[in-house]
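Here's the structure, in structure tokens; my notes come after.
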Amino acid sequence: MTPVRIAHAEPRPGDLGDGRFAVNQILVVLADDTGHRAVPLWLNSTDGGSLWRLLSPQAQEAAMERIPEQLTDRLLRAAGTTVTGVDIDELGPGVTAARIAVTGPGGAQQVTARLADGLSLAAVAGAPVRVADTVMDQLAVPVEGDDLLAPFLPTAPAARIPGRRPRHQPGNLAFTDGLDQWELTGSYLRHVSDSHWKDYSCTAEGHSAILRSAVPEPYGFAVLRQMTFAGDYRGGTVVFRGELRTTDVADQAGLFLRVSRGPVRARRDDPGNHLADVTGSAGWARHEVTAEVPDEESLIIHFGIFLIGRGQIELRDADLARQA
């Protein structure tokens, strides 16, 4: 295990420069001062809020008293128990936990807690934090000098293709306007270290969209999608069609279609409820996928192409229609 210091809990985007202040995420930096390297953690604003206030030099005493971890620490001490350390063994979209070591009348014990809670309690109790060596080797970035924020701010989520709001009709299906109205997203963006946000890329060439892996072993999956309100598709069957061409797809790629009651985030192995998938390399071929659309209000249709793992998939002549 590598001892680290909680060096920063920085709100992002923070100051918008026009008198407004917004917090979408908290960038937490764990510094390995001995090894001159650091690990970034991106926490949502709710989870990272306590840590941000605890580390903020401008925090007022009244605000600090409302932080739950302050009360937790006082209760533990009143019971004769102290927090002796917080260990982080793994980091990932499904693994965001920490082991809190405590010592009290019942002896030494360990409690598993959320990562944000463990770090906040460590900050309150002044307890050491350690990160597994394997995690450090995978995610730590060399740091020169005293500025531990600079290496990570350029990778802020705002630098990615911004998310889109659902539209009332699909658009730009021929990609004549590049990737306008399309969104690149996927599970690869949800690693807590935010270290895999460049694993996939997309572009438009001619009248085709291209989704490809950008590293030899990309994390998770990527989708290039649109979202549209169900509208005229309600109470019937919607079909998404398109011509696909794949190159060296190691795992899985294809069309996807999902009907939901709001924006959703797909699981690691489930880009969509309905898939038309291919592997390997294949020339242009027509594919389609269908889904039933209930006759309900506020339904959203998600459609596009997905890629899991290494390779490339291209889409052209796309169409979303109500099945006759």
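The values are calculated or read from the model by the stated rules, or taken from the named source; none is laboratory data. A quick note: this is a predicted structure, and the numbers were derived from the prediction, not measured. Counting neighbours? That spans all protein chains shown, and the Cβs are built from the backbone with ideal geometry, glycine included.
Matching residues to (1) under 30 Å from Phe221 (Cα atoms); (2) surrounded by fewer than 18 Cβ atoms within 10 Å (Cβ to Cβ); (3) in contact with a Gly (Cβ under 8 Å, 6 or more places away or on another chain):
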| position | (1), (2), (3) |
| --- | --- |
| Arg99 | yes, yes, yes |
| Gly104 | no, yes, yes |
| Gln109 | no, yes, no |
| Thr112 | yes, yes, no |
| Gly118 | yes, no, no |
| Val124 | no, no, no |
| Asp133 | yes, yes, no |
| Gln138 | yes, yes, no |
| Glu144 | no, yes, no |
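Being more than 16 Å from Thr237 (Cα to Cα) and hydroxyl-bearing (Ser, Thr, Tyr) is the filter here, so list the residues in the stretch 282-300 that pass it.
Within the stretch 282-300, Ser298 is the sole residue that qualifies.
Whether any residue in the stretch 268-277 is at pLDDT 90 or above, crowded, with 18+ Cβ neighbours inside 10 Å, over 11 Å from Ile308 (Cβ atoms) and out of contact with any Cys (no Cβ under 6 Å at 6 or more places or on another chain) is what I want to check.
No, the stretch 268-277 contains no residue that is at pLDDT 90 or above, crowded, with 18+ Cβ neighbours inside 10 Å, over 11 Å from Ile308 (Cβ atoms) and out of contact with any Cys (no Cβ under 6 Å at 6 or more places or on another chain).
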